[in-house]
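Novice: Let me begin by handing over the structure; questions about it come next.
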Amino acid sequence: MAVAQITQPSRRPMPGSLRFLLETAAVTAVAVVIALLFNALRPAGLELIARTPYQILVPCPEPGGPVQIVQPDESWVLSARTFLVDARSPREFNLQHLPRAVNLPYDWLEPVPEDDILELAQSIAGSGANRVAVYGEGGRPDSGEHLGKEISGRGIKNVFFISGGAPAVLGSEEQ
């Protein structure tokens, strides 16, 4: 008697990329189901669909207080009653700066540390000056103008920004 052999149809092995894709889809599906179950069981689950539109663009408040713009050739800019603040980098300050100017570099990303503001306020009070003139690198935007607004907004009064920055004020000093 002849025994009939039953043969299984040959299974082709799955290509590696298809197998990877199916495994990834299965893991993702399991993770989604677990996340949805967990969210449903939480007392204050997260909304799956927002009831109100998300506010994506939020205007940032402009920090600072009032600053008056002054031209570098004003006679009082270089007087002893004016406290001068250079907002440029220490490297630029060391290359050239106005006599009596103090360096308080303006950082475009971080506010001036509170300790630096307090030290500046004490220096101004000790100098006998009745106004503060700030100058930067002279670009657009100018670091001096932004520093002036920041220190004015943090309590220092009578702050002026020297238009044109260091190139204008250092040029007018030489004349």
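Read the figures in this text as sums done on the coordinates, not as results from a lab. For clarity, every value in this text was computed on a predicted model and none was experimentally measured. All Cβ positions, even for glycine, are placed from backbone atoms using ideal geometry, and neighbour counts span all protein chains on display.
Novice: Would you calculate the separation in nanometres between label points at Asp116 and Phe20, each defined as 7 Å from the Cα along the Cα-to-beta-carbon direction?
Specialist: Distance between label points: 4.9 nm.
Novice: What do you get for GluC sites (Glu not before Pro) in the range 111-158 restricted to DSSP loop and a cutoff of at most 10 other Cβ within 10 Å of the site's Cβ?
Specialist: none
Novice: Would you be so kind as to identify which of Gln55, Gly65, Ile34 lies farthest towards the positive end of the dipole of the range 34-115, taking Lys and Arg as +1 and Asp and Glu as -1 on Cβ and the Cα centre as origin?
Specialist: Final value for the positive-end residue is Ile34.
Novice: Residue by residue through the range 77-91, which ³J(HN,Hα) values in whole Hz follow from phi under the Karplus form 6.51 cos²θ - 1.76 cosθ + 1.60 (θ = phi - 60°), with glycine and proline marked x?
Specialist: 4, 9, 6, 5, 7, 10, 8, 9, 10, 9, 8, 6, 5, x, 4
Novice: For the chain, which longest stretch is free of loop sites, where a loop site is one of the trypsin sites (Lys or Arg not before Pro) that DSSP puts outside H, G, I, E and B and that has at most 14 other Cβ atoms within 10 Å?
Specialist: 101-156
Novice: With a cut-off of at most 12 other beta carbons within 10 Å, and DSSP calling the residue loop, which chymotrypsin sites (Phe, Trp or Tyr not before Pro) in the range 43-119 qualify? Please list them.
Specialist: Sparse-neighbourhood loop chymotrypsin sites (Phe, Trp or Tyr not before Pro): Tyr54, Trp108.
Novice: Let me ask something else. What ³J(HN,Hα) values, in whole Hz, does the Karplus curve 6.51 cos²θ - 1.76 cosθ + 1.60 give for the range 136-148 when θ = phi - 60°, with x put for Gly and Pro?
Specialist: x, 7, x, x, 10, x, 9, 4, x, 5, 5, 5, x
Novice: Can you tell me the length gained on complete extension of the stretch Leu109 to Trp76, counting 0.36 nm per residue apart and subtracting the Cα distance?
Specialist: 8.7 nm
Novice: Percent of alpha carbon pairs in the range 18-170 separated by more than 29 Å?
Specialist: Tail of P(r) above 29 Å: 41 percent of Cα pairs.
Novice: Gap in Å between the Cα centre of the range 80-102 and the Cα centre of the range 129-162?
Specialist: 12 Å
Novice: Long-range amide H contacts for Asn103: which residues qualify at under 5 Å (H placed 1.01 Å from N, peptide plane, sequence gap of 5 or more or a different chain)?
Specialist: HN-HN under 5 Å from Asn103: Asp86.
Novice: By how many degrees, between 0 and 90 and to the nearest 10, does the Cα long axis of helix 114-127 differ from the longest principal axis of the chain?
Specialist: Approximately 0 degrees, to the nearest 10.
Novice: Explain nothing, just the number: dipole magnitude of the chain about its Cα centre with +1 on each Lys and Arg Cβ and -1 on each Asp and Glu Cβ, in debye rounded to the nearest 20.
Specialist: Using only the charged Cβ atoms, the result is roughly 1200 debye.
Novice: Let me ask another. How high is the FRET efficiency between Ala29 and Arg51 when r is their beta carbon distance and R₀ equals 35 Å, given to the nearest 0.05?
Specialist: FRET efficiency, Ala29 to Arg51: 0.80.
Novice: With axes computed from alpha carbons, what is the tilt in degrees of helix 165-174 against the longest principal axis of the chain, rounded to the nearest 10 within 0 to 90?
Specialist: Taking the Cα atoms of the chain, the angle to 165-174 is about 20 degrees.
Novice: Related question: Relative contact order for the range 77-175: what is it in percent, counting Cα pairs under 8 Å that are at least 6 residues apart?
Specialist: For the range 77-175, the relative contact order is 30 percent.
Novice: Taking the range 32-105, which GluC sites (Glu not before Pro) meet the DSSP loop condition and have no more than 16 other C-beta atoms within 10 Å?
Specialist: Loop-located and lightly packed - Glu47, Glu74.
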